[in-house]
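Trainee: Okay, handing you the structure first.
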Amino acid sequence: MTTIVGAGHARETIGRIAGMARSYGMALLCLLLCLPAHAERLKDIATIQGVRNNQLIGYGLVVGLNGTGDQTTQTPFTLQTFNNMLAQFGIRVPPNMGNVQLKNVAAVSVHADLPPFAKPGQAIDITVSSIGNAKSLRGGSLLMTQLKGIDGQTYAIAQGNLVVGGFDAEGRDGSKITVNVPSAGRIPSGATVERAVPSGFDQGNSLTLNLNRPDFTTAKHIVDRINDLLGPGVAQAIDGGSVRVSAPLDPSQRVDYMSVLENLEVKAGEAVAKVIINSRTGTIVIGQNVRVSPAAVTHGSLTVTITEDPIVSQPQPFSNGQTAVVPRSRVNAEQEARPMFKFGPGTSLDDIVRAVNQVGAAPGDLMAILEALKQAGALQAELIVI
């Protein structure tokens, strides 16, 4: 770690703050929270490096289904898994039995998130999903399944009864109705942790705070706020997304220390000016700092109407003519009058919304206006279409 000015004073201050947090925790937190209302807690805008979830995955069998399991003729791995399970209990399936249909068994994948600091014996939630052609997992029970991490080690054991939110019903005539997804379900507290994952929280003499939204201004405010409380040099900005903070070596003091830091209220930097457009739903979100350079906008619609009004041609009496239908078309073009509105320099979000509402622009029209302003270089914001 690079030596910083005031490091000895910082270590003494850190120890003093940790002791104060243990003795006068509530009083200290009350003082820390009495800050301007527009500030945000450090725990809401940053996370500790190394303190994270870990993904687990497993493969198992769900049994007890009411005829809605896999069709083993199309999913042979289900039958193979079932036979392997029986072999572990000393049961051998004769090879001359042919294709056995296990309509009440389904092969499934099981996944879960192992939270940080999870210890052996604690329970975590799991999600079970069919990987075969099972119609529904409703009423099924997951048999003992190992949940492994990316390193191949087993970190949890899953088993239990599924909770399925969807259902389906089918009539004899082939009619069918399905609500939600019946081929996936959850088991609350369905897995027991068997192995803990080292987090690195109690290693080294410093901790790194990673910002949820990287911003140089926010990083500077965090550094200034911590250094004002603990002394110069305690916090250092690594870049726009990370801040390194000196921390006690003793794990118990480190917990008290972080409980103080995470409740510090810091004024976050303003976000980059953005305009978000969802072309599928017509949703438009305009950020706070969006500005428009001087520009004039007019928006109207041209409506062309073509109607067919055929007439009947009747010949004169005692003539050799024949009655005939003569086509007649009428073409009418109308252009809806829309007033032109002008944006002055530094136009704000409120001015944009008011001007657009005055001309009665629909979401689709507003999308076209914003895109045209961006192409003209008058929209001082990032235009994102999702």
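Trainee: For Asn289, all conditions in the list (1) surrounded by fewer than 16 Cβ atoms within 10 Å (Cβ to Cβ); (2) modelled with pLDDT under 70 hold save one; what is the number of the exception?
Mentor: So the condition that Asn289 fails would be (2).
Trainee: Hey, Ala118 hits all of (1) under 19 Å from Pro182 (Cα atoms); (2) of a type in the set (Gly, Ala, Ser); (3) out of contact with any Ser or Thr (no Cβ under 8 Å at 6 or more places or on another chain); (4) in contact (Cβ under 8 Å) with a residue 40 or more places away in the chain but one; which does it fall short on?
Mentor: Every listed condition holds for Ala118 apart from (1).
Trainee: Residues that are surrounded by 13 or more Cβ atoms within 10 Å (Cβ to Cβ) and modelled with pLDDT of 90 or more: which strands (runs of 3 or more DSSP E) entirely in the stretch 231-284 hold 3 or more of them?
Mentor: Correct list: 235-239, 242-246.
Trainee: Given (1) in a loop (DSSP other than H, G, I, E, B); (2) surrounded by fewer than 14 Cβ atoms within 10 Å (Cβ to Cβ); (3) among the polar types (S, T, N, Q), where does Ser199 come up short, assuming only one miss?
Mentor: (2)
Trainee: Here is a check on your reading of the model: is Leu28 modelled with pLDDT under 80 and surrounded by 14 or more Cβ atoms within 10 Å (Cβ to Cβ)?
Mentor: yes
Trainee: Another one. Would you check if Asn227 is in contact with a strand residue (DSSP E or B) (Cβ under 8 Å, 6 or more places away or on another chain), farther than 30 Å from Leu370 by Cβ and assigned to a loop (DSSP other than H, G, I, E, B)?
Mentor: Values: in contact with a strand residue (DSSP E or B) (Cβ under 8 Å, 6 or more places away or on another chain): yes; farther than 30 Å from Leu370 by Cβ: yes; assigned to a loop (DSSP other than H, G, I, E, B): no.
So Asn227 does not fit the description; no.
Trainee: A further question on this structure: Is it fair to say Asn289 is out of contact with any strand residue (DSSP E or B) (no Cβ under 8 Å at 6 or more places or on another chain) and touching a residue at least 12 places away in the same chain (Cβ under 8 Å)?
Mentor: Here the answer is yes, as Asn289 does meet what is asked.
The values are calculated or read from the model by the stated rules, or taken from the named source; none is laboratory data. As the structure is a prediction and not an experimental result, all values here were calculated from the model. In this analysis, Cβ positions are derived from the backbone assuming ideal geometry, glycine residues included, and neighbour counts consider all displayed protein chains.
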